[in-house]
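Peer 1: The following block contains the structure, expressed as structure tokens.
The values are calculated or read from the model by the stated rules, or taken from the named source; none is laboratory data. Quantities reported herein were computed from a predicted structural model and do not represent experimental measurements. Glycine gets a Cβ as well: all are built from the backbone with ideal geometry, and neighbour counts include every protein chain shown. Ligands, DNA and RNA are excluded from the accessible area calculation, which covers all protein heavy atoms including side chains. Shrake-Rupley method; radii C 1.70, N 1.55, O 1.52, S 1.80 Å.
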Amino acid sequence: MANITRRTLFSGALTVSALGLLSLTGCEKYLEDDSGKRRIAMIFNAPINDGGWGSTCYEAMVSAAEECGWETACSENVAFSDWAATMQAYIDMGYDLIYAPGNEYQDSVLQVSKDNPDARFCLLNGTVTTDNIQSAMPNATQIGQCAGALAGLLSKTEVIGFIGGIEIDTTLMKLEGYTQAAQRVNPNIKVISAYAGSFNDAAKGKEIANSMLASSGVDVLFGDASVVDTGAREAMADYPGTYNIGQPNDLGGPDDPLVANSVITDNVVLIAECMRDVEAGTFGNKTILGDLSNGGVFTGTFSSIVPADVQERYLEMVEQIEA
């Protein structure tokens, strides 16, 4: 069952059932806009504490809201069949901006936006813009290139792996960039890729990683699959001498035995710009881009498992990618 969490900037949180929201008088009263502040609501198809994409997207919304003085709400674990209905529920409660954190929500956003021309939608990793939809797009190719450059520098077997959740456009762009950059470093690099068919199945991630590591000789692995990536890292812990490249948070640290570095996505600037466009009355027909040049994408903390000379070469390559 989906949950809606309303986080005011001063008073903690409340969780209620997302289904039948409008019929629950107490919840309606709590969620009325009695503060005079604008409000943004996020829907997500998995837990927002997944340590991956969900956490990053939720934290970005909260940070942008604090910066702009908005209030937030979030529905997590929303089934596909309920995406449109959950968006509609927030619109009916007068929310100023609906935040859909992924390309997979695009069809639902298009459907609900047509039925509600006065509502506004921020579609992260989206590829459409209309009078009431703005897409916010981190540079997926650059993310993949940054990961691929490091993978190419680290791999000793010349076989690297990529695990995707589902084959959406941005994941395919990351895989393409990953492959290009790794083979730029070493033309002999072979890339093994697989898709879990899910962003939430840690066991599937562990299964795929075990297969890649044991059967294909993969020694560096990069994922774009959230909870699935967590499972993959669990598998990698049993294979000494392998490296993981994290995203979208800074997942490792100086003493991490597995995560060599991370490619970080900072969505705060993208969401905050959507909020400001709502405030200015200029919202719509716009794609907001985040990349290495504006801090929308950047590299994280090196682990000591990465030799100093490799760190130096990698940072030089990141500068070349930005250029």
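Peer 1: Given the structure, is Thr86 open to solvent by less than 10 Å² (accessible area, probe 1.4 Å), of a type in the set (Ser, Thr, Tyr) and not in a helix (DSSP H, G or I)?
Peer 2: Numbers: open to solvent by less than 10 Å² (accessible area, probe 1.4 Å): yes; of a type in the set (Ser, Thr, Tyr): yes; not in a helix (DSSP H, G or I): no.
In short, no.
Peer 1: Please work out if Ser304 is modelled with pLDDT under 95 and open to solvent by 30 Å² or more (accessible area, probe 1.4 Å). Spell out how you get there, then give the answer.
Peer 2: Values: modelled with pLDDT under 95: no; open to solvent by 30 Å² or more (accessible area, probe 1.4 Å): yes.
Considered against the rule, which asks whether it is modelled with pLDDT under 95 and open to solvent by 30 Å² or more (accessible area, probe 1.4 Å), Ser304 comes out as no.
Peer 1: Considering only region 167-184, state which residues are among the polar types (S, T, N, Q) and open to solvent by 10 Å² or more (accessible area, probe 1.4 Å). Working first, answer last.
Peer 2: Looking only at region 167-184, we keep the residues that are among the polar types (S, T, N, Q), and these are 170-171, 179-180, 183.
Hits for region 167-184 are Thr179, Gln180, Gln183.
Peer 1: May I pose another question? Quick check, is Val259 β-branched (Val, Ile, Thr) and closer than 26 Å to Ala225 by Cα? Give the steps one after another, and end with the answer.
Peer 2: Working: β-branched (Val, Ile, Thr): yes; closer than 26 Å to Ala225 by Cα: yes.
In short, yes.
Peer 1: Just checking, how many residues over region 44-83 are in contact with a Leu (Cβ under 9 Å, 6 or more places away or on another chain), open to solvent by 10 Å² or more (accessible area, probe 1.4 Å) and assigned to a loop (DSSP other than H, G, I, E, B)?
Peer 2: Residues flagged as in contact with a Leu (Cβ under 9 Å, 6 or more places away or on another chain), open to solvent by 10 Å² or more (accessible area, probe 1.4 Å) and assigned to a loop (DSSP other than H, G, I, E, B) within region 44-83 amount to 2.
Peer 1: Follow-up. Modelled with pLDDT of 50 or more, within 21 Å of the chain's Cα centre (by Cα), open to solvent by 10 Å² or more (accessible area, probe 1.4 Å) and under 18 Å from Leu124 (Cβ atoms) - does that describe any residue in region 20-43?
Peer 2: no
Peer 1: Run Gly102 past the list (1) open to solvent by 10 Å² or more (accessible area, probe 1.4 Å); (2) touching a Leu at 6+ places or on another chain (Cβ under 7 Å); (3) modelled with pLDDT under 95 and report the number of the one that doesn't hold.
Peer 2: Going through (1) open to solvent by 10 Å² or more (accessible area, probe 1.4 Å); (2) touching a Leu at 6+ places or on another chain (Cβ under 7 Å); (3) modelled with pLDDT under 95 one by one, Gly102 breaks only (1).
Peer 1: Right, another one. Of all residues in region 219-262, which are touching a Lys or Arg at 6+ places or on another chain (Cβ under 9 Å), over 30 Å from Lys286 (Cα atoms) and assigned to a loop (DSSP other than H, G, I, E, B)?
Peer 2: Asp219, Gly241, Leu251, Leu258
Peer 1: Also, quick follow-up: Please enumerate the residues belonging to region 194-211 that are open to solvent by 60 Å² or more (accessible area, probe 1.4 Å), part of a helix (DSSP H, G or I) and not charged (D, E, K, R).
Peer 2: Ala203, Ser211
Peer 1: Further question on the same structure: Going by the structure shown, is Leu315 of a type in the set (A, V, I, L, M, F, W, C) and open to solvent by 40 Å² or more (accessible area, probe 1.4 Å)?
Peer 2: Numbers: of a type in the set (A, V, I, L, M, F, W, C): yes; open to solvent by 40 Å² or more (accessible area, probe 1.4 Å): yes.
So Leu315 fits the description; yes.
Peer 1: To continue, here is another question. Mind listing just one residue for me: the one in region 107-136 that is open to solvent by 30 Å² or more (accessible area, probe 1.4 Å) and not in a loop (DSSP other than H, G, I, E, B) and, of those, farthest from Glu312 (Cα to Cα)?
Peer 2: Asp115
Peer 1: Moving on to the next point. Name the residue, out of Val220, Val228, that is under 17 Å from Asn49 (Cα atoms) and open to solvent by less than 60 Å² (accessible area, probe 1.4 Å).
Peer 2: Details: Val220 fails: under 17 Å from Asn49 (Cα atoms).
Being under 17 Å from Asn49 (Cα atoms) and open to solvent by less than 60 Å² (accessible area, probe 1.4 Å) holds for just one of Val220, Val228, which is Val228.
Peer 1: Tally up the residues in region 213-229 that are touching a Leu at 6+ places or on another chain (Cβ under 8 Å) and among the β-branched types (Val, Ile, Thr), please.
Peer 2: Counting residues in region 213-229 that are touching a Leu at 6+ places or on another chain (Cβ under 8 Å) and among the β-branched types (Val, Ile, Thr) gives 1.
Peer 1: For the subset of region 146-166 comprising residues that are part of a loop (DSSP other than H, G, I, E, B) and under 14 Å from Pro187 (Cβ atoms), which member is least open to solvent (accessible area, probe 1.4 Å)? Working first, answer last.
Peer 2: Taking region 146-166 and keeping what is part of a loop (DSSP other than H, G, I, E, B), we get 155-158, 165-166.
Filter once more, so that each one left must be under 14 Å from Pro187 (Cβ atoms): 155, 158.
Working: Ser155: 17, Glu158: 66 Å².
Residue satisfying both the conditions and the ranking: Ser155.
Peer 1: Same structure again: Among the residues of region 263-286, count how many are charged (D, E, K, R), open to solvent by 30 Å² or more (accessible area, probe 1.4 Å) and part of a helix (DSSP H, G or I). Give the derivation first.
Peer 2: Within region 263-286, the subset charged (D, E, K, R) is 266, 273, 276-277, 279, 286.
Now restrict to residues that are open to solvent by 30 Å² or more (accessible area, probe 1.4 Å): 266, 273, 276, 279, 286.
Right, trim to part of a helix (DSSP H, G or I) and you get 273, 276, 279.
Matching residues across region 263-286 total 3.
Peer 1: Kindly list, by first and then second residue, each pair from a residue in region 51-72 that is free of Cβ contacts under 8 Å to residues at least 60 places away in the same chain to a residue that is among the hydrophobic types (A, V, I, L, M, F, W, C), limited to pairs with Cβ atoms under 7 Å and residues at least 6 apart or on different chains.
Peer 2: As it stands, the answer is Tyr58/Met42; Tyr58/Ile48; Tyr58/Cys74; Glu66/Leu9, since those pairs meet every condition given.
Peer 1: In this structure, does Val310 turn out to be assigned to a helix (DSSP H, G or I), touching a Ser or Thr at 6+ places or on another chain (Cβ under 9 Å) and either free of Cβ contacts under 8 Å to residues at least 60 places away in the same chain or open to solvent by less than 60 Å² (accessible area, probe 1.4 Å) (or both)?
Peer 2: Values: assigned to a helix (DSSP H, G or I): yes; touching a Ser or Thr at 6+ places or on another chain (Cβ under 9 Å): no; either free of Cβ contacts under 8 Å to residues at least 60 places away in the same chain or open to solvent by less than 60 Å² (accessible area, probe 1.4 Å) (or both): yes.
Criteria not met by Val310.
Peer 1: So, one more: Return the pair list, or none, for Cβ contacts closer than 9 Å from residues in region 128-153 that are charged (D, E, K, R) to residues that are open to solvent by less than 20 Å² (accessible area, probe 1.4 Å), at least 6 apart or on different chains.
Peer 2: Matching pairs, first to second residue: Asp131/Ser113; Asp131/Gly284.
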